[in-house]
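Novice: Structure provided below as structure tokens; questions to follow.
The values are calculated or read from the model by the stated rules, or taken from the named source; none is laboratory data. Bear in mind the structure is a predicted one, so any value in this text is a computation, not a measurement. Here the Cβ positions follow ideal geometry from the backbone for every residue, glycine too, while neighbour counts run over all protein chains shown.
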Amino acid sequence: MSDRLSVFKTYKLYVGGKFPRSESGRVYEVTDSKGTWLANAPLASRKDARDAVVAARKAFGGWSGATAYNRGQILYRIAEMLEGRRDQFIAEVADAEGLSKSKATAQVDAAIDRWVWYAGWSDKVAQIAGGANPVAGPYFNLSSPEPTGVVAVLAPQESSFLGLVSVIAPAIVTGNTVIAVASEDSPLPALSLAEVLATSDLPGGVVNILSGRTAEIAAPLAAHQDVNAIDLAGADAGSAKDLETAAADNLKRVLRPGTTDWTADPGTDRLLAFLETKTVWHPMGV
Amino acid sequence: MTWRYARRYAPLVTMPITVPAYGKEAAGRLASMADVTADDGALRRFLHGLPGVDAVGLEARAATLGTRSIKTTAKAYAIDLAISMIDLTTLEGADTPGKVRALCAKGIHPDPTDRTSPKVAAICVYPDMVATAKEALGDSGVHVASVATAFPAGRAALPVKLADTRDAVAAGADEIDMVIDRGAFLSGRYMEVFEEIKAVKEACARPGGTSQTESGGGSAAHLKVIFETGELQTYDNVRRVSWLAMLAGADFIKTSTGKVAVNATPPVTLLMLEAVRDFHAATGVQVGVKPAGGIRTTKDAIKYLVMVNETLGERWLTADWFRFGASSLLNDLLMQRQKLSTGRYSGPDYVTVD
């Protein structure tokens, strides 16, 4: 008696806290590792990228101005929501990457653990990236890390969920806002992550997620004058150079692609890559 | 059918030669309508005799005209045209001479990195800042517009309003943006509003000057009449007040002050454009339109330009006959302009903060 109609899910972009379709109206077919159709994902255009930058810029003031403690709490909350949707993510990761259930479970658990790990850094990063500097004069000289601004992130192609989490979390925990371009062939875990973000107190626009052809979306983002940094984790070797050239126009911070083992301990590299140092001199008095 | 043809070909066969509302001949044309403005009763009968507005049709038409896709060279043309139509506005209690001077500098060279960008049409300020703006603009060709008549509420006695206007004109304002007395209009005292607009128009004359030349030394300041359509409740009222102001001699009709919750909307502006078209068909007097407030993006501005072209035609597509009352719109136009010339998206870091 299984005559229920199956309910297909319409995957959408995540821009400014809303779930729009692509401005272009396009979608593309997403298949699992064996070529079986899973769903249609929106094929974002450069105008979606532009809208996402506007949303990210708008969210930046509030997010970077929130207390580190508050940002940390919101990231913990996201981890709680991820935990609640664990089974869904395991199924999606298993489909996307052709993994067995146990391996997919390991990936998702690692991703949630990583999110929690980064959440803890929110009020600790200032201690390792800033501090009091010794100066030869009657001054205090203090350096403190400040978020860079709007960060475009090309999520890793091969690791659809753990890799994605490992590039988004370090950027936002310090107060940046992010436009993430999901893995081209397996964007579904990323689009589902958007649903988690939307229901966990994260202000709209702090994370924006686009799916589509990475090369098509990356070019306007790299050249965009209002993007302050770009993480090229998901760019292929050929296009990375062009993107870096385009990014040089407004002196974006560029994180070059490398061979990263996403399951390994990430260290603080990505955390520190999108920070600027603000140094103030303060007279000590007589 | 005949009526439709008559309407369509009216410009060719019956329409009198067009005269600008600020010209000398306009008064003669308005005199031909003197019977409807002879007394309170006649004016009321005329205004209430105007056909009612089909609200659904109006909104649908405005929405349809907003769906045109304007790209590449047409877009570049529209952006430059929109920049040249802006009344760059600062109407804050916190305005300082320094801020007005900065705004004037921006009006003359909107994009300092690209000298090919056109200058704006006018700088719109409070009356006490007119002299500062006039001095800062010099002979750049950018006009100074001044709000007057107890802007934005319009709640002051007539002599005060006239003194306010004369002050601004004496200080050198090329254009006066007056607000109507919405209280009088809404309570049906149409003649009072009519007489007030006429009186302010007279106050716009410069002593010893004529009113027939284009603005500049010695000529009368052009009069824009602000309706504050957000407070007029109905579309019928907007149509009535448009005719009322044009009969009283307005050179421009303007939607709003920008100080209330509802400002310029496409349907209201379309309605005013249609009133201008009908008034032109009836009298041959050309009147300008200025939507103000709430127009922030290039996309919005282009929608308005499409509306003007479709309703009034190319003759109105100049800064003499169509204006945008805006401040933040200019930055968005400049960012779009930079995108077209460089191919990459620009950002708010590359335009001035005003």
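Novice: Counting only residues that are aliphatic (A, V, I, L, M), crowded, with 19+ Cβ neighbours inside 10 Å and within 15 Å of A:L191 (Cα to Cα), which one in the stretch A:24-58 is farthest from the other protein chains (Cβ to nearest Cβ)?
Specialist: Checking each candidate, the answer is A:V30.
Novice: Give A:A96, A:A119, A:A111 a once-over and let me know the one that is within 20 Å of the chain's Cα centre (by Cα), modelled with pLDDT under 95 and assigned to a helix (DSSP H, G or I).
Specialist: A:A96
Novice: Output the number of residues of the stretch A:23-55 satisfying the condition of being touching a Gly at 6+ places or on another chain (Cβ under 7 Å) and of a type in the set (G, A, S).
Specialist: Total meeting the criteria: 3.
Novice: What is the residue count in the stretch B:337-351 for residues that are part of a helix (DSSP H, G or I) and either buried (at least 22 other Cβ atoms within 10 Å of the Cβ) or more than 13 Å from every other protein chain (Cβ to nearest Cβ) (or both)?
Specialist: To start, the set of residues in the stretch B:337-351 that are part of a helix (DSSP H, G or I) comprises B:337-342, B:348-350.
The next check asks that each one be either buried (at least 22 other Cβ atoms within 10 Å of the Cβ) or more than 13 Å from every other protein chain (Cβ to nearest Cβ) (or both); those that pass are B:337, B:340.
Number satisfying all stated conditions: 2.
Novice: Could you list all residues from the stretch B:49-66 that are among the acidic types (D, E) and closer than 13 Å to B:D236 by Cα?
Specialist: B:D54
Novice: Taking only pairs six or more apart or across chains, which ones have beta-carbon atoms under 7 Å, a first residue in the stretch A:103-117 that is surrounded by fewer than 23 Cβ atoms within 10 Å (Cβ to Cβ), and a second residue that is part of a helix (DSSP H, G or I) and of a type in the set (D, E, K, R)?
Specialist: Correct list of pairs: A:I112/A:E83.
Novice: Let me ask something else. Looking at A:D242, A:D201, A:D236 in this structure, which one is surrounded by fewer than 19 Cβ atoms within 10 Å (Cβ to Cβ), within 14 Å of chain B (Cβ to nearest Cβ) and farther than 24 Å from B:V351 by Cα?
Specialist: Numbers: A:D201 fails: within 14 Å of chain B (Cβ to nearest Cβ); A:D236 fails: within 14 Å of chain B (Cβ to nearest Cβ).
None of the others qualify; the one that does is A:D242.
Novice: Next question, about the same structure. Could you check how many residues of the stretch A:64-81 are β-branched (V, I, T) and touching a residue at least 60 places away in the same chain (Cβ under 8 Å)?
Specialist: 2
Novice: Oh, and also: Give A:A55, A:A44 a once-over and let me know the one that is at negative phi and not in a loop (DSSP other than H, G, I, E, B).
Specialist: None of the others qualify; the one that does is A:A55.
Novice: Here is a check on your reading of the model: is B:D354 closer than 26 Å to B:A105 by Cβ, away from every other protein chain (no Cβ under 14 Å), over 17 Å from the mean Cα position of the chain (by Cα) and not in a helix (DSSP H, G or I)?
Specialist: Spelling it out, B:D354 is indeed closer than 26 Å to B:A105 by Cβ, away from every other protein chain (no Cβ under 14 Å), over 17 Å from the mean Cα position of the chain (by Cα) and not in a helix (DSSP H, G or I).
Novice: Within the stretch A:127-178, which residues are β-branched (V, I, T) and in contact with a Phe, Trp or Tyr (Cβ under 7 Å, 6 or more places away or on another chain)?
Specialist: Residues satisfying the conditions are A:T148, A:V150, A:V151, A:V165, A:V173, A:T174, A:T177.
Novice: If you don't mind, another one. Hey, can you tell me all the residues within the stretch A:60-93 that are away from chain B (no Cβ under 14 Å) and touching a strand residue (DSSP E or B) at 6+ places or on another chain (Cβ under 7 Å)?
Specialist: Across the stretch A:60-93, the qualifying residues are A:W63, A:S64.
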